[in-house]
Amino acid sequence: MRYTTLIRCSEAFSYLNNRDWVFIDCRFTLNDARHGALDYQKSHIPGAVYAHLNDDLSGRAIPGRTGRHPLPDAQTLAQKFSLWGIDAHTQVVAYDSLSGSMAAARLWWMLQWAGHEAVAVLDGGFKHWVDTGYPCASGTEKREKRIFVPKFNTRMVSTADDVLAALNKPGYLLLDSRAPDRYRGENETIDPVSGHIPGAISAPFMGNVTAEGLLKSPGELRGRFQKITGNTPADHVVFYCGSGVTAAHNVLAFSHAGMGTPRMYAGSWSDWITQPARPVTKG
């Protein structure tokens, strides 16, 4: 069976020793870039390799020219996936410890973008794995290299120019995945400019998650997004966030709801505000 959006801990555990399954630990905190890697060293799912949001899942950020987590170039990304032992026959399970698994969702989106559909996020992340009583390991682990051949789906990505053009097009929807206060331009502590892209609708990614930290059911997610997007086709829906991380969680949830694959403005707000001429609004 191939998993393409979400996988439960009980399902993932049954494949723990399968050489064609790759577990990737994506734990990361924005206020301490070292924290996730240290946590991985102390305890992780047996056999899992570590993916660092800044170093592995992003290209080099250039202040004033890119967002905080720009996408890496295609060749670099393919080499990284190869080093992690991913090829066309591999099932990938991504996990982290953050509520909602947003960093794991970033890796899920990147593999989908690169044409690898057999990737799923571990529901509830590492916390749920531990709380359920499944085994853990420590130290650093590596996998045997395989050859990853990317087939990038450019339709999944929107650029700043695409978003700017869509602002005046009927039938397109732009959804902001950040917390409501940051959407309104309040309590902005990460980016130098506060507010949101004009016309964007607030759709916080945490609305996809239950109180227990699990992803809501496909039916619940479908109800949530249908209320926001109506009958708008998936390829006319664009998600963004602060830097292209939590927006990936909304894309995951949208897809898990069976509503198709929307687009993502990968540069997101931190990229948008690098050009002062781009419009900004608050409230």
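Some points to look at:
- Criterion: touching a strand residue (DSSP E or B) at 6+ places or on another chain (Cβ under 8 Å), acidic (Asp, Glu) and either assigned to a helix (DSSP H, G or I) or at negative phi (or both) - qualifying residue of Asp162, Asp131, Asp191, Asp181: Asp162
- The criterion of being exposed (fewer than 15 other Cβ atoms within 10 Å of the Cβ), hydroxyl-bearing (Ser, Thr, Tyr) and closer than 26 Å to Met110 by Cβ does not hold for Ser202.
- Annotation note: of Thr229, Thr210, the sole residue that is touching a residue at least 24 places away in the same chain (Cβ under 8 Å) and of a type in the set (Ser, Thr, Tyr) is Thr229.
- The one condition in (1) surrounded by 17 or more Cβ atoms within 10 Å (Cβ to Cβ); (2) touching a Lys or Arg at 6+ places or on another chain (Cβ under 9 Å); (3) in the same structural domain as Arg19 (by TED's automatic domain parsing) that Val93 fails to fulfil: (2)
- Taken over the stretch 242-283, residues that are part of a loop (DSSP other than H, G, I, E, B) and at positive phi amount to 4.
- Considering the stretch 22-66, and only residues there that are farther than 25 Å from Glu11 by Cα, among the hydroxyl-bearing types (Ser, Thr, Tyr) and out of contact with any Asp or Glu (no Cβ under 7 Å at 6 or more places or on another chain), the residue that is surrounded by the fewest Cβ atoms within 10 Å (Cβ to Cβ) turns out to be Thr29.
- All positions within the stretch 7-53 that are farther than 17 Å from Val121 by Cα, assigned to a loop (DSSP other than H, G, I, E, B) and modelled with pLDDT under 95: Asn17, Leu30, Asn31, Ala33, Arg34
- Pairs are defined by a Cβ separation below 7 Å, a sequence spacing of at least 6 or placement on different chains, a first member in the stretch 49-63 that is under 14 Å from Asp39 (Cα atoms), and a second member that is loosely packed, with under 15 Cβ neighbours inside 10 Å and charged (D, E, K, R); the pairs so defined are Val49/Lys142.
- Count of the stretch 14-41 residues which are touching a residue at least 40 places away in the same chain (Cβ under 8 Å) and among the small types (Gly, Ala, Ser): 1
- Flag for Gly213 being more than 20 Å from Arg65 (Cα to Cα), among the small types (Gly, Ala, Ser), assigned to a loop (DSSP other than H, G, I, E, B) and over 20 Å from the mean Cα position of the chain (by Cα): no
- Residue check, Ala160 surrounded by 17 or more Cβ atoms within 10 Å (Cβ to Cβ), aliphatic (A, V, I, L, M), in contact (Cβ under 8 Å) with a residue 40 or more places away in the chain and in contact with a Gly (Cβ under 7 Å, 6 or more places away or on another chain): yes
The values are calculated or read from the model by the stated rules, or taken from the named source; none is laboratory data. The shown structure was predicted, so the numbers you read here are calculated from the model rather than taken from an experiment. Glycine also receives a Cβ, built like all others from the backbone with ideal geometry; neighbour counts cover every protein chain displayed.
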